[in-house]
Structure formats: structure tokens, C-alpha cells
Amino acid sequence: MKDLALAFSGLARKKLRTALLIFAVFIAFLIYAVLGAFSASLDAATGSSASSNRLVVSNRINFTEVLPIAYVNRVANVPNVTDVSYSMWFGGYYQEERNFLIAFAVEPASYARMFSDLNIPADQVQRFSTQRDCMLAGRTDADRWGWNLGDRIPVSSNIWRQTDGANTWPVEVCAIAEGGEELPGAGVYINYEYFDEARAFANDTVGNIHIQTAGAEYNDQVIQDVDALFQNSPAETETVTEAAFNAAFIDQQGNLGLIILGVTGAAFVTILLIVGNAMSGAIRERTGEIAVMKTIGFPSARIARIVVGETLLIACIGGLIGLIVAWLIIELGGAVLAAFSPFFATLTLSPQLLATAVALMALLGLITGAIPAWNAMRVNVVTAFRRI
Amino acid sequence: MTNALIQIADVAKSYRRGQETLSIFDRLNLTIPHGDFVAIMGPSGSGKTTLLNMLGGLDRPSGGAITFDGKQIENLSESKLSSWRAANVGFIFQFYNLMPTLTAAKNVELPLLLTRLGSGERNRRVQTALEIVGLSERKDHKPKELSGGQQQRVAIARALVADPKLLLADEPTGDLDRTTATEILEMLQLLNKDLGKTIVMVTHDPAAAKYAKRELHLDKGEFEERVS
């Protein structure tokens with residue numbers, strides 16, 4: 001505690017400089033925590049809901065191109081394919097375009113069977129499979145928009161039009177997917193037939209075919225067989241694992257992981273240079289005081305410890321404020337932004353992220369304090385007093 | 001001499017400046033008994049401060065031996081010298097050299113942070129030291145809120161607080177007006193007479209030197225003694 005008090009008093013010497021250094025560290029940890037939470041949620045969204053024996057078939061050109069629905073039965077006959085379903089991106093919104101929905105038109109029975117991790121009550125699966133205008137809503141969306149079972153709502157598309165020009169498909173909320181710990185239960189699903197019969201173009205096409213294999217060990221062979229089946233056809237396919245598909249979907253926004261690492265890394269290196277340089281200057285200014293401490297009898301190692309204590313304090317105070325503000329942004333901002341995408345509702349500061357942040361604070365404090373501490377240890381008392 | 005606190009035997013000090021070796025003194029001898037108050041005078045460059053630094057273990061002699069209370073100190077390691085200084089020597093500087101961010105009490109407490117004393121005992125000792133120098137009522141003031149004389153008294157309290165045997169003062173009144181300087185010198189005299197502190201004071205001021213029990217003039221590497 002004695003040395004901590006001395007470290008605090010060292011920081012109090014130039015309050016504005018200390019405040020600015022703490023602010024710089026605060027910014028770095030704010031960026032780290034917010035982007036880290038974003039990245040973790042993204043990873044969870046792409047990875048955790050992906051089953052190891054599920055594959056996704058898309059058009060080889062890219063996943064926005066469609067596939068003939070006739071492919072579904074042919075895929076179902078490939079050896080070691082145990083189940084098949086299909087979906088079409090709906091581009092949905094609720095009432096107003098800004099009320100974006102992650103919406104798909106799916107074949108209800110097979111989809112509910114294959115994605116049992118959506119956690120839908122059995123009676124509702126039954127209704128979803130048999131009632132043409134039934135919509136399955138994820139719990140997150142149901143709560144966000146205040147939907148209850150039996151509610152009739154309009155779901156509109158900013159891609160698809162009906163033959164009469166309308167872009168709204170009236171549906172009844174008759175099933176709610178509770179989701180699980182790893183699958184947040186976001187998104188809405190309408191009946192493919194109900195959707196396809198009314199749409200004005202691209203009928204009898206699907207966006208993706210979902211395959212369940214007899215086991216992960218058959219994935220490679222099934223991928224090979226499926227893609228071979230449609231080779232040299234007008235719509236060649238590209239089959240990948242579900243995890244790879246999800247990752248590729250996210251990567252269309254650019255390599256977010258790399259961007260996050262780059263931004264955070266640049267912020268930290270900059271802060272490292274700023275704090276290290278400022279602390280070196282601060283120690284130079286205090287050469288006389290350090291000489292006095294040595295004269296009194298403070299060993300060099302203890303003086304170095306006090307200097308490192310100062311940089312650790314800067315890193316910890318700035319870092320903790322950064323984490324607290326990041327938490328507020330994620331908690332409050334996430335709730336507001338969830339109106340635009342349920343993804344934001346999944347943002348969280350995980351214990352792992354917090355532990356890494358604390359480790360980074362310690363590392364930042366130690367690295368920025370190393371050179372100033374070394375300089376402080378090397379202060380020659382006789383020379384220093386000659387300069388005073 | 002069994003009563004000797006400090007014995008300097010054949011001490012030499014030289015510096016290298018480029019190719020040249022500059023000798024400050026060669027074969028310097030001096031004995032300072034317990035309870036002595038010595039003023040060291042001499043022209044600039046005669047080595048007064050260098051000698052003081054060597055007595056305080058801040059600088060090492062090029063040759064010879066320095067014995068403190070029967071123990072040779074010139075060959076001690078840096079860390080042992082630090083511990084030795086903390087236990088045995090109090091320093092008083094011309095420009096006070098107080099920590100600007102610490103209060104008077106916290107400045108005085110600094111040497112006690114090197115001990116195992118608890119905070120209660122540290123506070124009691126700080127209070128006593130500040131009372132000795134007559135500044136207990138200003139203990140919560142920072143150096144910039146104190147006059148030069150008051151700052152020097154805080155510095156004296158800091159030098160005293162760990163109860164060292166030896167006080168080393170380098171031009172302690174060099175930055176003070178005559179009246180304040182007299183107060184400080186009387187205080188040093190009091191510490192020598194009443195508390196039995198051995199004091200070695202470097203000064204240019206003959207009037208200040210008069211307060212010591214004896215004056216030593218250092219010139220051309222030799223001492224000339226005058227008893228006050």
C-alpha cells in the first residue's frame with residue numbers, strides 16, 4: 001500500500017497529462033471491448049448454431065443466385081443423405097422497412113425436423129407443417145414485436161413481389177421457436193409453398209438446400225457427390241458445411257475478424273507509444289525526485305516498482321472505465337439497436353473477453369512502464385544533483 | 001579512536017575526463033567522533049560536496065577506506081548502501097528537494113516507508129519530527145504552500161525522522177535569507193546538542209560555519225582545522 005500511495009502521488013504530479021493518458025487507454029479498451037463483443041457474437045452466430053452433420057448447397061456463382069427446386073429430390077437420393085430441406089431468403093420486414101427481419105421461406109416439416117435445435121413445441125411444429133399461412137417466429141422477434149400465438153400480422157419483402165404487385169404476405173403467428181443457449185431464437189420462417197405460389201418471378205427455385213448426412217465422417221463424400229451431380233448444368237452447386245456457409249455469409253461484409261484485430265491492434269500500439277513516451281518524459285522530469293528517493297535509501301528496484309505501478313494504474317483505471325462504458329453501450333445501445341437487428345441483442349461482454357482485457361491492462365502497464373522504470377533505476381544521484 | 005563515528009583513511013577521489021584523470025584529493029584523512037558538528041568549507045571545486053557524497057555512500061572513493069561506526073562502507077553493494085543510508089544517514093539539501101505532490105507529513109514519512117513500522121507508529125514519529133522543527137501545524141500543507149525556511153525545516157524533519165546517527169547538510173542555508181538561515185542553523189545546533197546527532201555541514205558561508213563545533217577547510221586535497 002505504501003508504494004501504491006507513492007504511485008498515485010506520482011500520477012497527481014501532472015493531473016492533465018495523467019487524465020489524457022487515462023483517456024487514451026480508455027478509448028483503446030472501449031474499442032477492444034465493443035468490437036470484441038461484436039466479434040464474439042458473430043462467432044457464436046456463425047459457429048454455435050452449426051451442426052457438424054449439416055451441409056448447405058448453394059448456387060456455385062454465389063449464394064444470392066437460386067437453384068431449381070427439382071434439385072431437392074435429386075440431392076435426397078445421394079448416398080448417406082438422411083434428410084433434406086430448403087429455404088429461400090425472403091428479405092423481410094415488419095410494417096416498415098426499418099423493422100428488418102431475418103426471414104426465410106422454408107419447407108416447414110423438413111426444416112423443423114432438421115433444425116430441431118430451434119426448440120419448437122411439437123403441436124406448433126404440427127401447425128407450422130400443415131397450415132399454409134403459419135409463420136414460425138423466433139422468441140427474440142416475438143418478444144421484440146409483441147407477437148403472440150394466434151396474432152395475424154403482415155410480413156413484407158423488399159425483394160419479392162406477388163403477381164398483383166403486392167409485397168406483403170399476411171401470416172398467423174402459430175409457432176414460436178424458443179431457441180437455446182447457443183441459438184438465440186432470432187428470425188422468422190414462412191411456408192415456402194404459400195410464398196412461392198404468390199410470387200411473381202423465380203418460381204420453383206430455392207436459395208439453399210439443407211442436407212443432413214448420416215454423420216460428419218460422410219460430409220466430404222456427400223459434398224463431392226452432390227456437386228458432381230450438377231456439374232456442367234445451368235446451375236452448378238457448391239456444397240459446404242453449415243459452419244463454413246455461415247462464416248462465408250458473414251465474410252461477405254469483409255473479414256470482420258481481421259478488421260477487428262487490426263483496429264484493436266492499431267489502437268493498442270498507438271496507446272503503447274503514447275503512454276510509454278509520456279511516462280519516459282515524466283520520469284525525466286522527476287530525475288531530481290528520484291535522486292532524492294535514492295538518497296533517502298529507496299533501492300533502485302523499489303523505485304522501478306513504483307514507476308511500473310504508475311503505468312499499471314493508468315492502464316487499469318483507463319481500462320476499467322473503458323470496460324464499464326463498453327458495457328453501458330452494449331447493454332443500453334444493444335437494446336436500442338436490437339430493433340434493427342436481433343443480432344445486437346446477443347452482444348455481451350463475456351467472462352473470457354473481460355479476462356483478456358484485464359490481462360491486456362497488466363501487459364500494457366508493464367510494457368509502458370518498462371523503459372521509464374529502467375531509466376529511473378539508472379538515475380545517478382551525484383549526476384542528478386549536479387543538474388538541479 | 002573508539003569514539004569515532006566516521007573515519008576516512010587515505011581516501012582518494014579522481015575523475016576521468018576524456019584522456020585526462022582529474023584528481024580531487026589524494027590520501028585524505030579525517031576522523032569525526034560521535035556527536036561532532038563539523039563545518040566543511042573551501043573554495044569551489046575543492047571537493048566538499050564530493051566528500052559529503054562519499055560520507056553518505058552516494059559516491060565511492062577511488063582509493064582508501066571510509067569506516068562508519070566501525071564498518072567499512074566503500075565496498076558495499078548498491079542495495080546494501082541503500083539500506084545503510086536509510087538506517088544511518090539523514091540528508092539536508094540546499095534546495096530542500098521535497099516531493100511537490102506530497103504534504104509535509106508525507107514528505108517526512110518517506111524514510112519510514114523503508115522500515116517495517118506500522119502506520120500508527122509512522123504517524124507518531126512524523127508528528128514528533130515535525131514538532132521538533134516547529135511545523136506540526138503545517139503538516140497537511142504541500143511544499144509550494146510553505147516558505148523556503150519552512151520547507152527546509154520539513155527537510156530537516158525528514159532527515160531526522162528515522163533517527164539516523166549522522167546528518168549530512170549540503171549548503172543548508174544557501175537558499176535562505178539571513179534570519180531564516182540563523183533559525184535553521186540554531187536548529188541544527190540544537191539537534192547536535194540535545195539529540196546528540198553527528199552533523200557534517202558543507203557551506204561557503206563563514207557565519208554559518210561558526211555554528212559548528214569545528215570548521216575544516218578543504219583546499220588542494222588537504223584539511224586545515226579551526227576550532228569554533
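Averaging the sequence gap over all C-alpha pairs within less than 8 Å and six or more residues apart, then dividing by the number of residues, gives chain A a relative contact order of 28 percent.
For segment A:266-388, the equivalent ellipsoid derived from the Cα gyration tensor has semi-axes of 42, 12, 10 Å, listed largest first. Looking at segment A:66-234, what % of its DSSP beta bridges pair antiparallel, to the nearest 5? In segment A:66-234, DSSP labels about 75 percent of beta bridges as antiparallel.
Calculate how many DSSP beta bridges within chain B are antiparallel, expressed in % of all such bridges and rounded to the nearest 5.
In chain B, approximately 60 percent of DSSP beta bridges are antiparallel ones.
Probing with 1.4 Å while keeping every protein chain in the model, the per residue accessible area of chain A equals 46 Å². Hydrodynamic radius of segment A:1-152 by the Kirkwood approach over all distinct alpha-carbon pairs: 20.6 Å.
Against chain B, whose longest principal axis comes from its Cα atoms, helix B:119-132 is set at around 80 degrees. Report the longest stretch of chain A that contains none of the GluC sites (Glu not before Pro) sitting in a DSSP loop with at most 11 other Cβ atoms within 10 Å. Segment A:182-388 is the longest.
Within the protein assembly as shown, the proportion of C-alpha pairs whose separation exceeds 42 Å stands at 51%. Using a 4.7 Å Cβ-Cβ cutoff, the cysteines of the protein assembly as shown lacking any partner cysteine are A:Cys316.
The Kirkwood radius of segment B:10-87, taken over pairs of alpha-carbon atoms, gives through the Stokes-Einstein law at 10 °C and 1.306 mPa s a diffusion coefficient of 117 µm² s⁻¹.
I'd like the antiparallel share, as a percent to the nearest 5, of DSSP beta bridges with both residues in segment B:110-228. In segment B:110-228, DSSP labels about 55 percent of beta bridges as antiparallel. Taking a sphere under 11 Å around the Cβ of B:Asp163 and counting the other residues whose Cβ falls inside, with K and R at +1 and D and E at -1, yields a net charge of +3. Surface composition of segment A:66-234: carbon and sulfur atoms hold 47% of the protein heavy-atom accessible area at a 1.4 Å probe. Scanning chain A for long hydrophobic helices, with DSSP H runs required to stretch 30 angstrom or more by C-alpha along their axis and to average at least -1.0 on the Kyte-Doolittle scale, returns A:15-43, A:256-285, A:300-328, A:351-377.
Does anyone have the angle between helix B:178-194 and the longest principal axis of chain B? Alpha-carbon axes, 0 to 90°, nearest 10? Rounded to the nearest ten degrees, it is 80.
Taken across both chains, chains A and B shield about 1900 Å² of accessible surface from a 1.4 Å probe. Rg over Rh for chain B works out to 0.97, both radii taken from alpha-carbon positions and Rh defined as the Kirkwood radius.
How about segment B:36-145: which trypsin sites (Lys or Arg not before Pro) there lie in a loop by DSSP and see at most 12 other Cβ atoms within 10 Å? Listed in order of number, the matching sites are B:Arg116. Hydrodynamic radius of segment A:66-234 by the Kirkwood approach over all distinct alpha-carbon pairs: 16.7 Å.
Between the helical axis of B:78-88 and the longest alpha-carbon principal axis of chain B there is an angle of about 60 degrees. The trypsin sites (Lys or Arg not before Pro) of segment A:57-128 that meet both conditions, a loop assignment by DSSP and at most 12 other Cβ atoms within 10 Å of the site Cβ, are A:Arg98. Straight-distance candidates among the lysines for linking to B:Lys142, with alpha-carbon spacing under 29 Å and chain neighbours fewer than 8 residues away dropped: A:Lys2, A:Lys14, A:Lys15, A:Lys294, B:Lys106, B:Lys165, B:Lys197.
When the alpha carbon coordinates of segment B:145-228 are projected onto the principal axes, the ranges are 42, 27, 20 Å, largest first.
Sort out the exposed loop chymotrypsin sites (Phe, Trp or Tyr not before Pro) in chain A (DSSP loop, at most 16 other Cβ within 10 Å) and tell me the longest stretch that has none.
A:1-200
The values are calculated or read from the model by the stated rules, or taken from the named source; none is laboratory data. For clarity, every value in this text was computed on a predicted model and none was experimentally measured. Cβ sites come from the backbone with ideal geometry, for glycine too, and all protein chains shown count toward neighbours. Areas reflect the complete protein model, heavy atoms only, side chains present, ligands, DNA and RNA absent. Shrake-Rupley method; radii C 1.70, N 1.55, O 1.52, S 1.80 Å.
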